[in-house]
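Read the figures in this text as sums done on the coordinates, not as results from a lab. Please read all numbers here as calculations on a predicted model, not as lab measurements.
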Amino acid sequence: MTSTNGECPRVIRVLIADDQEAVRRGVRRILDAQPDIEVVGEAVDGVAALELAAELRPDVALVDIRMPRLDGLEVTRRLSGSVRVVVLTTFDLDEYVYPALRHGASGFLLKRSGPALLAEAVRAAADGESLISPSVTVRLLRHVTAPERPEQPGRRSAGAAPVVPLTEREVEIAGQVAAGRTNADIAAELFISPGTVKTHVASIQRKLGVPNRVGIAVHAWEMGYPVPQ
C-alpha cells in the first residue's frame with residue numbers, strides 16, 4: 001500500500017517483552033489491528049528482549065517491569081539510545097517505575113490502559129514524544145515532590161540546577177512537556193511552529209542532559225516550573 005504522494009507509509013515495528021503469554025497475546029491483538037504498527041517479535045524475559053532487539057531492530061519496545069532473568073529496568077537501560085522503550089506495567093508507581101525514567105524510558109502505561117492509549121503510546125515513542133498514563137503521572141508528581149533522601153556521594157541530585165540555565169521560553173515549554181503536551185499542542189498554545197517547539201525541546205534535553213521528554217518532565221516537576229492543568 002502507498003500513500004497519495006506515491007511513498008510507502010511508515011510502519012512502526014514493535015517488540016513486546018512480557019513473561020505473561022496472555023498479556024503478549026492481548027497487546028499483539030491490539031497493535032496488529034493498527035494499520036501503521038507491526039509486532040515483529042515477542043520476548044518472554046529480559047535476556048530474550050535484548051537478543052531480539054539486536055536481531056530485529058524494532059522502533060519501539062514495550063517492556064514489562066518484572067521479568068525473569070533480567071528485569072525491565074535493566075532492559076530499558078541497555079536499549080535506551082537504540083530503541084524507544086515504553087514501560088507497560090501493572091504498577092502505578094513503585095520503586096521500579098521512577099528509576100526507569102532515569103534509564104531513558106520514553107513512556108509508561110498501565111496494563112489496564114485501553115487500546116487507543118496503547119497505540120498512541122507506541123506512535124508517540126516512535127516520534128520521539130512521550131505518553132504517560134494519567135495515574136502514573138499523579139503518583140510520579142507525589143514521588144518527586146516528597147522530601148529528598150540523602151544523596152549518594154558524587155551523584156548530582158535529580159532536582160539540581162542544570163549546568164546551562166534554561167531560557168524563559170524553555171522553562172515555559174518544559175512546563176508544557178510536563179503536562180503531557182505534544183509538540184503540536186505546545187505550538188498551538190504558544191503560537192509558534194511545531195518545528196520551533198522541536199528545536200526548543202532538543203535544546204532543553206541537551207542542557208539538562210536527559211535522553212527524552214520524560215526527563216524534561218521530571219526536571220520541570222522537581223524544579224517547580226509552572227505546569228498547565
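At-a-glance table
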| quantity | calculated |
| --- | --- |
| For Leu110, residues with placed amide H under 5 Å, excluding near neighbours | Thr89, Ser133 |
| HN-Hα J in Hz across segment 188-198 - Karplus 6.51, -1.76, 1.60, θ = phi - 60°, x for Gly and Pro | 5, 5, 9, 6, 10, 7, x, x, 5, 4, 4 |
